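Worksheet: the structure to be examined is printed underneath.
The values are calculated or read from the model by the stated rules, or taken from the named source; none is laboratory data. Nothing here was measured: the structure is a model prediction, and the numbers come from that model. Please note: Cβ atoms are built from the backbone with ideal geometry, for glycine as well, and neighbour counts cover all protein chains shown.
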Amino acid sequence: MSGMDWMIILLYALIGGILWTLWTIQGLIRKGFNEVIEGLQSIDERLAKSGAVSKGKTCPSCGASAKEGEKFCMSCGGKVE
């Protein structure tokens, strides 16, 4: 083989290595992103169970969330019920 053939082989090996690295990094990023989403969903579920966040009850004036039993908004003072 000539010197040019070896350079082409090395170039293909380099490109393959770069593509493999990018594929691996992309997979790690996706895995990390999915773990963050699952963690946020878990936090949301725990907050909903504890009553700290009431889903569906919001202030009609400003849109802030309100806890169960509150008659006035803690953000703007508007009437919630």
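Evaluate the range 14-35: report whether one residue or more is among the acidic types (D, E) and either surrounded by fewer than 10 Cβ atoms within 10 Å (Cβ to Cβ) or modelled with pLDDT under 85 (or both). Don't jump to the end; show me each part of the working.
Kept after step one, since they are among the acidic types (D, E), are these residues of the range 14-35: 35.
Okay, now just the ones that are also either surrounded by fewer than 10 Cβ atoms within 10 Å (Cβ to Cβ) or modelled with pLDDT under 85 (or both), so none.
Taking every residue of the range 14-35 in turn, none turns out to be among the acidic types (D, E) and either surrounded by fewer than 10 Cβ atoms within 10 Å (Cβ to Cβ) or modelled with pLDDT under 85 (or both).
Which residue is nearest to E68 (Cα to Cα), if the candidates are limited to the range 1-51 and must be of a type in the set (K, R) and over 14 Å from the mean Cα position of the chain (by Cα)?
Step one: of the range 1-51, the residues of a type in the set (K, R) are 30-31, 46, 49.
From what's left, over 14 Å from the mean Cα position of the chain (by Cα): 46, 49.
Working: R46: 16, K49: 12 Å.
Applying the filter and picking the extreme gives K49.
When both residues are 6+ apart or on different chains and their Cβ atoms are under 9 Å apart, which pairs have a first residue that lies in the range 66-77 and is closer than 21 Å to S50 by Cβ, and a second that is part of a loop (DSSP other than H, G, I, E, B) and of a type in the set (K, R)?
A66/K57; K67/K57; E68/K57; E70/K57; M74/K67
Of the residues that make up the range 43-65, is at least one of a type outside the set (A, V, I, L, M) and in contact with a helix residue (DSSP H, G or I) (Cβ under 9 Å, 6 or more places away or on another chain)? Walk me through it before giving the result.
As a first pass, look at the range 43-65 and keep what is of a type outside the set (A, V, I, L, M): 44-46, 49-51, 54-63, 65.
If we keep only those that are in contact with a helix residue (DSSP H, G or I) (Cβ under 9 Å, 6 or more places away or on another chain) as well, we get 54-55.
Yes, there is a match, as at least one residue in the range 43-65 is of a type outside the set (A, V, I, L, M) and in contact with a helix residue (DSSP H, G or I) (Cβ under 9 Å, 6 or more places away or on another chain).
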